[in-house]
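Below: the structure, in structure tokens.
The values are calculated or read from the model by the stated rules, or taken from the named source; none is laboratory data. Quick caveat: nothing in here was measured; it's all calculated off a predicted structure. Here Cβ is always computed from backbone atoms with ideal geometry, including for glycine, and neighbour counts include all displayed protein chains. When the accessible area is computed, the model is the full protein with side chains, heavy atoms only, and any ligands, DNA or RNA have been set aside. Shrake-Rupley method; radii C 1.70, N 1.55, O 1.52, S 1.80 Å.
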Amino acid sequence: MFAKPYRKLLFFSLLLTGFIVIASLAQPFIIKVAIDSYIKMNDYQGMMYLGIIYFILIMVSSICTYFQNNTLQFTGQYVIYDFRQAVFKHFSVMQMDFFRKNPIGRLVTRITHDVEALNQLYSQVIVNLVKEVLILIGIIALMLYMSVKLTLICFLVIPIIAIVTFYFKRVLRDTQRKLRSILSSLLSYLAENLSGMSVIQLFARERKQLDRFNELNEEHYRAGMRQTVINSIFNPSIGLFGNISLALLVWYGGRSVVDETITFGTVYAFTHYVRQFFEPLRGLADRFNQIQAALASAERIFETLETKPTIVNPVQPKELPEKVKGDIVFNHVWFAYKNEEWVLKDVHFRINQGETVGIVGATGAGKSSIIQLINRFYDNQKGIISLDGINIKNVLLNDLRRHIGIIQQDAFIFSGTVFDNIRLNHNAVSNEEIIKAAKAVNIDSFFRMLPQGYNTMLGEEGTVLSAGQKQLLSFLRAMIADNDVLILDEATANIDTESEQAVQAALREMSKNRTTIIIAHRLSTIQQADKIIVLDKGRIVEMGNHQQLLKNQMVYYDLCQNQNKGKTLKI
Amino acid sequence: MSKKPIFKEHFVLHKWSYLLGTILLTVSLVLQLFVPVLLKSFTDGLQNESIQVSDLWELSLWFVIVGLGAFLFRSSGRIYIFKMSRILERDLRSSLFSHWERLQTEYYQNQRIGNLMAHAVNDVNIMRQIVMQGYFQMVEAAVLISISVFMMASTIHFYLTLLVLLPLPGLTYIAYRFRSKIQTHSLKVQEAIGTLTSRVQEFCSGISVIKTYTQEEEERKKFTNDNQSNVEVNKQLIRANSLFTSLSQGIVGLSYLISIVFGSILVMKSTISLGDFVAFNTYLSLLIAPIENIGKVINLLQQGKAADNRIREVLSTEPTILDEEGIVPITAIRGNISLRNLSFKYQRGKESALKNINVTIPKGTSLAIVGKVGSGKSTLVNLLLRLYNPPKNSIFIDDHDIRDVPLRTLRESVAYVPQDNFLFSTSIKENIAFDPNPYQDEQVFHAARQAHVYQDISDLPDKFDTELGERGLSLSGGQRQRVSIARALIKPSPIIIFDDSLSAVDSKTETYILNTLRTQMKSRTSIIISHRISTIQEADQIIVLDKGEIVERGTHQSLLKQDGIYKKMFTQQTTEFTWPTLNGRKILIKKRRR
């Protein structure tokens, strides 16, 4: 289906393939003609004509090869491009759930490896298959044309070769698979040991680690040798069969020449054609595996493309105002990540414009799920969540999310400069504004100390930030994005004591006139919020401000007690 | 790099095997060259009508015998020579690994793991190919070309040979040229795929940020760019490849053309026989592949030289941390540590990381070290572990200079919980029993209980046999830290060191671990680095480091009285401060303890 737009290119390339096949079959035939017709007759002029025809054939075939290869493989690249675009676009509209369920490695494989395997199908398999089959048919036709008897004689050997080829290819494939898997475990062992070398040295465990390495290394050597031996028997054996068929030709062909039923030129041409037969035959054995691999990949890709996103834009979206007030209402919300395992049960609360609300509870109480629902990373099953009185499911996803800023605990750093990482897509924000914000949270001096200052590359290939620095950067993102609703998800856990004062000051500034939701393990962080929601096993068990909740002497009170106990404990 | 080229050394070491392999291969090639000779006598016999049907039998038999012989010798020669390449590969990897085990921490700080891996993967592969393809094809080319050209020129026709061979050096040349070109392009293709891969990887890992900040459109644009440039570099590679294929086809065709046209003219003139003509064409067909290969081999050898140099560079890096002359052959340590006027500067550092440190830690007591990031805490521990060499006469263990203590003895006597909690992708049990001494399951369980991780592990599907790492399970930061603590606790060593090792566990767990540790610590000399005062306040002595110097020392109580850095840290970690909200009320925020 993805090859459709390139039908013309594929057809053109098939046409060229035809020329190439003819040219590659012509050479032995020309020698035959030279021997039988011209040399015998001492026809110099005819020989010259033949030479010219041969020359033209060489040139045309050479040029055709160039264009055929290019066209075919370019087409493959275009198809690949389209596939990758489609798969990536599909990923970008999938909901969070999809990314949680599929390991990153698998998703990456879809776009890189699986698509590459499909390319093989288009650019290698299909047309090469055509080429190989054409050559085989051409050879058989020419052989039959020249001599039926000799053809049959030759066919005594060919089935044997075919069987041997398919047998060896199968054995070889298993061996190669094993070799690859051993190599990959050898290499990951090596990589891991290099990363953990100091631990190995500190535990004086060099000997044992080396022993294990040598074990794997030896295993790899043996697997490699196995492959070598198989190849060393298989490859020369093709030559052996070539010689056997030559022997048959000499024996039978020679007799026929003596009987004058066949010309010598024919026998000679046959010796060439027999040899030419092997190449496409070997190729065909490979094709079979390639097709299988490509089909498996194709199936995986289409399967991926067919999974429909579950969190989508409404058909008739309502528009949120340019600036929302930030009234958030959870109206009897029930939510489960899967089936009926409710993570939130009948959660019902209201956050008024400009309020600061804390959400507390033990790990797994459902704190983060609330946030995931507010910006529609997930959809709740029952109940209604609304922003400024509008059901969030009736709003375009991007429209909703651009109003909500979340400062995450584990902020992801993209490979890009410091500026890029803070600015994200808010291209209108100037560098000065970013620097000003960085000063406010006390991280400006750190960025300035980096080799290229704010233009230093971050991420995997660049400077690596500490957990605390990442959180500060995440904070900066939110400050720059300047969303109408601000959510902190355990966002200050790793920030050092000095910076934390600055961060709190910045937060104080930001939470003015802005609905702010703070999730925290440590109760001290949210003690004086306007409202504290206490969650336990997915239910709201208490709601109110610090003083009220303490008076209740219930869950919140217990939580406070517990944390204070931890604090005063001495070693 | 004083050592001889690796390949040379390997070759000399295995010279007899190489000789045997070469002989086997040569025999098979010579046999193969009998084919044209047989064809010639067949053709000429037919032409002269001197051949009998019985002769045909004999001739056929010869083809089979020659074929069988060539097959057997080629197979065995190939196995022999290729085996050498596999041995070279195996031995190189093994010596790289054991050499890397001897190199010090400093070496790893200046190297990326990826680069080191490239030596073990790419460079070693090239070395293997030098034998597998380079040596094998070189022998093949030398034997085939010299004999067949000699046969063509001497037994058939000298000038025709010359004429036919004329275009072929061109083949060698373009094979050589295009191989480097194709390599450059392939490298770019790999890079492009790499970029694409990391783009998708980044997208998937950062998906929550992307969705939160509605970055999907931007990411799609970036991906499209990467995707386009991937197509572009691929097209370049394809173009180079096609050009090579078509050019070499043209050149080979030209040779055949000359051979056929001029050859048949010579036959017509009766200068050569038809049998000569047939044999000549067969020789030519045997020549093409080796001639093309020469170009590829030359290219391979160039790469090989570079790979050889890189590997030798690794192997000739001398370890700096090793048992020097004059070590005292002790095998056990009691655990008295004393630092005398210890100053230390990193090789690349501008300033001293430690200045004039004097501390004595008697056997069975504890020392706590506090200080800001970069104050020298970890440096001190690194020196005690001899990850770096301290100056002589500055660190003494049981009154021996640490540099005179055998490295093995030292490290067997220290249990260490590092900052970064590196775990291996083996089972949890193997991770805890990482110390090379044998341990019973009971001991592993006990250590896990002491580190307060037993329950966590028991909740896992395979309990202590759960595999960690890439293909296994990933533990949370706190769990990893506690496994790392168990790994140290299982070791019955006289000295134990914690390098900020309780940062990822919550206060309750911390208290529990510290409680169990206290009983252990009575018999052990312990050193604890921490940011949190709560972790260290009961240590026998506490030192406060600042810019490499001890600025305060004492016990928790005496330090609090001093009103210095320690006191300030303590107050910072316990005080509160306030900020107003919209409603004009004040929000009271208690500082997190650090």
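Beta bridges from DSSP with both residues in the protein assembly as shown: antiparallel share about 50 percent, rounded to the nearest 5. Taking label positions 7 Å along the Cα-Cβ direction at both B:LYS8 and B:ASP55, the computed distance is 5.5 nm, reported to one decimal.
Modelled spin-label separation between B:SER316 and B:LYS568, with each label point placed 7 Å from Cα along the Cα-to-Cβ direction: 5.1 nm. DSSP assigns beta bridges within region B:337-553; of those with both partners inside it, close to 45 percent run antiparallel.
In units of the rule-of-thumb radius 2.2 N^0.38 Å, chain B shows an alpha carbon radius of gyration of 1.46.
Computed with a 1.4 angstrom probe on protein heavy atoms, the B-A interface buries about 14200 square angstrom of accessible area in total. Using R0 = 22 Å, the C-beta based FRET efficiency linking A:HIS426 and A:LYS318 works out to 0.35.
Between 0 and 90 degrees, the angle of helix A:467-481 with respect to the longest Cα principal axis of chain A falls at about 80 degrees.
On the principal axes of its alpha-carbon atoms, region B:6-315 has extents of 91, 48, 33 Å, going from largest to smallest.
Enumerate the residues in region A:170-193 having an amide nitrogen under 13 Å from the point lying 7 Å beyond the Cα of B:ASP420 toward its Cβ. Zone members listed by number: A:192-193. Of all accessible surface on region B:251-331 at a 1.4 Å probe, what whole percent is carbon and sulfur? Ligands and nucleic acids excluded, carbon and sulfur reach 60 percent. Note on A:LYS338 and B:ASN225: with the Förster distance fixed at 35 Å, the Cβ-Cβ geometry gives a FRET efficiency of about 0.40. Note on A:478-486: average number of Cβ atoms from other chains within 10 Å of each residue's Cβ is 1.
Note that region A:159-261 presents 43 Å² accessible area per residue, ligands and nucleic acids not counted, probe 1.4 Å. The angle between the Cα long axis of helix A:127-146 and the longest principal axis of the Cα atoms of chain A comes to about 10 degrees, rounded to the nearest 10.
Across region B:40-171, the convex hull enclosing all Cα atoms gives 146 Å³ per residue. Probing with 1.4 Å while keeping every protein chain in the model, the per residue accessible area of chain B equals 43 Å².
Estimated purely from DSSP H runs of n ≥ 4, each contributing -39500 (n - 2.57), the mean residue ellipticity at 222 nm for the protein assembly as shown is -20000 deg cm²/dmol once divided by its residues. At a threshold of 10 Å², the residues of region A:207-226 that become less accessible to a 1.4 Å probe in the full protein assembly than in their chain on its own are A:ARG207, A:LYS208, A:GLN209, A:LEU210, A:PHE213, A:ASN214, A:ASN217, A:GLU218, A:HIS220, A:TYR221, A:GLY224, A:MET225. Quick test of the membrane-span-like rule: which DSSP H helices of chain B reach at least 15 Å along their long axis (C-alpha atoms) with mean Kyte hydropathy at least 1.0? Those that pass (Cα extent of 15 Å or more, hydropathy at least 1.0) are B:15-32, B:136-151. Take the Cα pairs of region A:94-232, get the Kirkwood Rh, then feed it into Stokes-Einstein at 20 °C and 1.002 mPa s and tell me D in µm²/s. Taking Rh from Cα pairs, D becomes 104 µm²/s. Taking amide H as placed 1.01 Å from N in the peptide plane, the amide H of B:THR365 sits under 5 Å from that of B:SER526, each at least 5 places away or on another chain.
Shielding of peptide A:328-339 by partners, expressed as the average count of other chain Cβ atoms within 10 Å per residue Cβ, is 0. Backbone amide hydrogens, once placed in the peptide plane, bring B:GLY335 within less than 5 Å of B:ASP398, excluding anything fewer than 5 places away on its chain. Contact-buried residues of region B:407-435, at a threshold of 40 Å² lost accessible area versus the chain by itself: B:ARG408, B:ARG411, B:TYR416, B:PHE422, B:PHE424, B:PHE434 (1.4 Å probe; DNA, RNA and ligands ignored). Averaged per residue, region A:328-568 has 41 square angstrom of accessible surface, using a 1.4 angstrom probe with ligands and nucleic acids left out.
Calculated on C-alpha atoms, the gyration radius of the protein assembly as shown divided by its Kirkwood radius gives an Rg/Rh of 1.07.
Residue-wise HN-Hα couplings along region A:34-40, as the Karplus relation 6.51 cos²θ - 1.76 cosθ + 1.60 with θ = phi - 60° gives them from phi, are 4, 5, 6, 9, 8, 4, 4 Hz; Gly and Pro carry x.
Run the accessible area of region A:328-568 with a 1.4 Å probe and give the carbon-and-sulfur part as a rounded percent.
Using a 1.4 Å probe with all protein chains present, region A:328-568 comes out at 46 percent carbon and sulfur.
Taking Cα atoms only, the orientation of helix A:431-440 departs from the longest principal axis of chain A by about 50 degrees.
Residues of region B:102-142 whose accessible area, computed with a 1.4 Å probe over protein heavy atoms, drops by at least 50 Å² once all protein chains are present relative to their chain alone are B:ILE113, B:MET117. For A:VAL312, no residue has an amide H sitting under 5 Å from its own, ignoring neighbours fewer than 5 places away on the same chain, with H placed 1.01 Å from N.
What the Cα convex hull of chain A gives, in volume per residue, is 243 Å³.
Cross-link check: pairs A:LYS4/A:LYS308; A:LYS393/B:LYS211; B:LYS372/B:LYS522; A:LYS4/A:LYS393 evaluated at a Cα-Cα cut-off of 26 Å; pairs beyond the cut-off: B:LYS372/B:LYS522; A:LYS4/A:LYS393. Its alpha carbons give region A:328-568 an Rg and a Dmax of 18.7, 55 Å. Length available on full extension from B:ASN515 to B:ILE113: 0.36 nm per residue minus the Cα-Cα distance, which gives 140.9 nm.
Kirkwood Rh over Cα pairs of region B:138-237 into Stokes-Einstein at 25 °C, 0.890 mPa s: D in µm²/s? Present the calculation step by step, with values, prior to reporting the outcome.
Numbers: Rh = 18.0 Å.
Stokes-Einstein gives a translational diffusion coefficient of 136 µm²/s.
Taking the protein heavy atoms of region B:337-553 in the context of the full set of protein chains, the accessible area attributed to carbon and sulfur is 46 percent at 1.4 Å.
Distance between the C-alpha centres of region B:289-358 and region A:180-242: 24 Å, rounded to the whole angstrom.
At the listed q of 0.10, 0.11 Å⁻¹, the Debye profile of region A:159-261, built from one uniform point per Cα, gives log10 I(q)/I(0) equal to -0.52, -0.57.
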